[in-house]
Each structure stands twice: as structure tokens, then as C-alpha cells.
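Written out below as C-alpha cells is the structure these notes cover.
Read-outs: derived from the displayed coordinates by stated rules, not from any lab. This is a predicted model, so every value here is computed, not measured.
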Amino acid sequence: MTKTISKVGNSQGIIFDSALMDLARLKVGDQVTVTMHEGGSIVLTPIRPAIQAKEARTSARRLIKKNSALFKRLS
């Protein structure tokens, strides 16, 4: 995929279309880490916050309840 660096106000930027945003699972306002490599490669890595214990517990309970019949068959 080829992108062109454009003028954005007093800066320069690359416009990400919605297809690229969807593929990268990004949305406006998300933070990324920018890493520079030898040879000029630039890597953008999304910062994904770790799930909190309470949220993980709630999600796991909901998943187990929703799929209890399946889990019984698999055991």
C-alpha cells in the first residue's frame, strides 16, 4: 500500500482511509508508539491498554454462562 505525505496545517501527515483503520483496528483518538528502525523504516504500534481484573472476571463469567453447554460437552 502506498501513501503520500501531505501538508496538514504547519505539519506533514499521512491520511489513513477507513479500510486501513479497520484492518489495524484503530479509531480516531487511539494512541500509537512510533519506532524508527535502521534504513528509515517507521513502525506504528497501537497502544492497547491491559484489561483490568474486574473487567476480565465479568467477561469470563458472561462467556462461561453463555457457552456452558458447549463447555460441558468439551470436558
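Could you grab the relative contact order for segment 15-75? Cα pairs under 8 Å, six or more apart, rounded to a whole percent.
RCO, segment 15-75: 18 percent.
Choose one answer from 63, 20, 44: the residue with the largest mean-square fluctuation in a GNM of the chain with alpha-carbon springs under 10 Å.
63
Student exercise: in the chain, how many lysine pairs 8 or more apart or on different chains have Cα atoms under 28 Å apart?
Numbers: 3/27; 7/27; 27/54; 54/65; 54/66; 54/72.
Lysine pairs meeting both conditions in the chain amount to 6.
Which whole-percent values make up P(r) of the chain when all C-alpha to C-alpha distances are grouped in 5 Å steps starting at zero?
3, 10, 12, 16, 14, 10, 8, 8, 8, 6, 3, 1, 0
Quick check: residue separation of residue 38 and residue 58 times 0.36 nm, minus the Cα distance between them. What number comes out in nm?
Details: separation 20, 0.36 × 20 = 7.20 nm, distance 4.37 nm.
This chain segment gains 2.8 nm when fully extended.
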